[in-house]
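The values are calculated or read from the model by the stated rules, or taken from the named source; none is laboratory data. A quick note: this is a predicted structure, and the numbers were derived from the prediction, not measured. Note that each Cβ is placed from the backbone with ideal geometry, even for glycine, and that neighbours are counted across all protein chains shown. Just so you know, the surface numbers come from the protein's heavy atoms only, side chains and all, with ligands and any DNA or RNA stripped out. Shrake-Rupley method; radii C 1.70, N 1.55, O 1.52, S 1.80 Å.
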Amino acid sequence: MLPSDPLHAVFEHIERNRTGFLERLMGYLRSISAENIGIGEVGALLADMLTDMGLETTLVPTAGHPIVVARWQKAPGKATVLLYGHYDVQPADPIDKWLSPPFEPTLRDGRLFARGAGDNKGQHFAQIMAIESHLKTHGALPCNVILLLEGEEEIGSPHIADFVHANKDTLKADLAVTADGPRHASGVPVIKFGSRGEVSFELRCRHANRDVHSGNFGGVVPNPIWTLVHLLGTMKNADGVITIDGFHDDIESPSPEELAAVERLPLDIETLMQSLDLARLDAPEERPFYERLCFRPTLTINGFHGGYGGPGGKTVLPSQAFVKCDIGLVETQDPKDIFRKIAAHVEKHASDVELVALGGMYPSKTPIDSVFTAPLRRAFLAAQGEQPLLVPAGFGSLPGYVFTKILGIPAFVTPYANHDEANHAPNENLTLNCFYSGIRTGAALLYELGLLQLPERGEARA
């Protein structure tokens with residue numbers, strides 16, 4: 001990169017303002033946006049900040065928390081990128097596991113510790129600082145930008161689909177980019193081409209109207225825990241196969257390009273297993289590691305509750321029990337269809353068990369040979385000095401489907417956080433290096449998209 005390069009000047013601005021960026025991020029992280037505390041105030045704070053930067057900004061009410069939409073569209077003929085993030089955060093519990101207060105950002109060992117540091121305030125704040133750096137340096141952006149920040153991602157984004165449906169024209173863009181999640185465990189940056197979908201549900205069982213003595217009534221009164229155990233055993237067998245009728249009907253095989261991409265992903269399985277004290281991987285053990293994460297759906301028991309859990313024993317036969325589960329979906333699976341199949345399965349195998357829907361999200365996927373893959377890779381190379389790994393499908397859930405399935409545009413996830421960010425856990429953190437490289441990468445992304453020659457609208461842009 002030549003010193004006269006427009007991006008070089010932006011990088012210099014970022015370098016000069018590292019201290020100010022960090023102080024502003026710490027102020028942003030002090031604003032609590034969890035468990036319905038302060039979320040409206042954070043949305044208003046963002047709207048004011050983006051307006052002051054020179055973006056046309058609106059704080060839009062929804063049936064839940066407001067959505068912030070900010071835009072800069074003064075580059076006719078250039079690409080329009082929609083940058084997505086979320087300003088709500090996970091609850092801080094358990095508080096006693098934090099080494100410093102979760103909403104008092106603390107610097108330790110080159111890391112910033114606070115709830116939301118990595119998920120997702122720190123990452124979308126890096127995107128915002130990248131936009132500001134271009135505007136401060138050149139007075140304009142190299143491409144058009146729409147910023148979409150919601151306040152309900154941590155509860156499954158229940159209102160974003162309706163919002164995007166109702167605002168398809170104002171959200172019209174060429175691609176969507178989300179900075180969320182961790183880099184690869186090797187430390188190498190990644191570009192993800194999709195996100196899992198999800199179906200969450202609860203199974204509830206009640207037999208007797210009260211707990212009874214297991215000696216007096218065992219073998220006579222049905223045990224709701226056993227009822228749920230047997231039902232769960234019909235849903236996934238010991239070989240790791242999900243056995244719900246029709247569950248696998250719509251799953252597509254990965255493309256040769258996707259298989260080649262996962263073959264290039266680094267893997268240190270021994271270190272992973274040691275870090276978690278694992279003696280084995282989940283069945284089937286012969287299934288390749290990244291095939292599990294990218295191309296296969298999952299069924300997870302999140303919690304099983306029932307009966308006595310105190311010290312010592314108690315000869316009791318409980319009257320009720322419940323289990324919480326989630327299913328991770330891959331592209332082409334429909335959460336509504338999967339839930340119907342779960343309901344049919346429960347009715348067939350345990351009709352006295354109540355099935356309760358807890359939420360669902362569609363998966364998303366973008367072709368790995370998208371016309372936007374090359375400029376995204378160049379942005380990472382310019383900002384971080386190394387080529388990113390290409391991950392055909394992300395492992396966690398994000399509402400990328402609203403872009404791929406509703407807006408009909410390709411969507412990418414470009415994580416800026418360190419692989420050990422501890423998101424959703426105590427001592428969530430973001431390394432300062434990841435924060436500053438995130439700002440640089442966001443700036444490089446806008447620059448590279450500004451250079452891109454796009455086909456006319458109406459032609460394929462995947």
#### Entry: Residue selected from the range 296-329 under the condition open to solvent by less than 40 Å² (accessible area, probe 1.4 Å), in contact with a Ser or Thr (Cβ under 8 Å, 6 or more places away or on another chain) and not aliphatic (A, V, I, L, M), by the criterion farthest from ALA185 (Cα to Cα)
CYS325
### Message
For the condition buried (at least 17 other Cβ atoms within 10 Å of the Cβ), among the hydrophobic types (A, V, I, L, M, F, W, C) and farther than 26 Å from GLU286 by Cβ, what is the one hit in LEU232, LEU228?
### Response
LEU228
### Query
Do we find a residue being modelled with pLDDT under 95, surrounded by 13 or more Cβ atoms within 10 Å (Cβ to Cβ) and not in a strand (DSSP E or B) anywhere in the range 92-106?
yes
### Summary
Restricted to the range 265-281 and to residues being in a loop (DSSP other than H, G, I, E, B) and surrounded by fewer than 10 Cβ atoms within 10 Å (Cβ to Cβ), the residue nearest to the chain's Cα centre (by Cα) is LEU276
### Query
Do the conditions hold for GLU291, that is, is it in a loop (DSSP other than H, G, I, E, B) and open to solvent by 50 Å² or more (accessible area, probe 1.4 Å)?
no
### Subset tally (residues that are closer than 20 Å to PRO392 by Cα, within 13 Å of the chain's Cα centre (by Cα) and assigned to a loop (DSSP other than H, G, I, E, B)) for the range 406-426
3
### Task
Of the numbered conditions (1) surrounded by 19 or more Cβ atoms within 10 Å (Cβ to Cβ); (2) in contact with an Asp or Glu (Cβ under 8 Å, 6 or more places away or on another chain); (3) at pLDDT 95 or above, ILE39 fails exactly one; give the number of that condition.
(3)
### Message
Please determine whether any residue of the range 24-44 is assigned to a loop (DSSP other than H, G, I, E, B), under 20 Å from the mean Cα position of the chain (by Cα) and of a type in the set (D, E, K, R).
### Response
yes
### Task
Scan (1) closer than 30 Å to ALA374 by Cβ; (2) assigned to a helix (DSSP H, G or I); (3) within 19 Å of the chain's Cα centre (by Cα); (4) not basic (Lys, Arg) for the single condition GLU154 breaks and write down its number.
(1)
### Query
Is there a residue being under 25 Å from ALA393 (Cβ atoms) and among the small types (Gly, Ala, Ser) anywhere in the range 229-251?
yes
### Yes/no for VAL262 being β-branched (Val, Ile, Thr) and part of a helix (DSSP H, G or I)
yes
### Task
Name the one entry in LEU390, LEU407, LEU381, LEU451 that is under 25 Å from PHE289 (Cβ atoms), modelled with pLDDT of 95 or more, surrounded by fewer than 23 Cβ atoms within 10 Å (Cβ to Cβ) and not charged (D, E, K, R).
LEU390
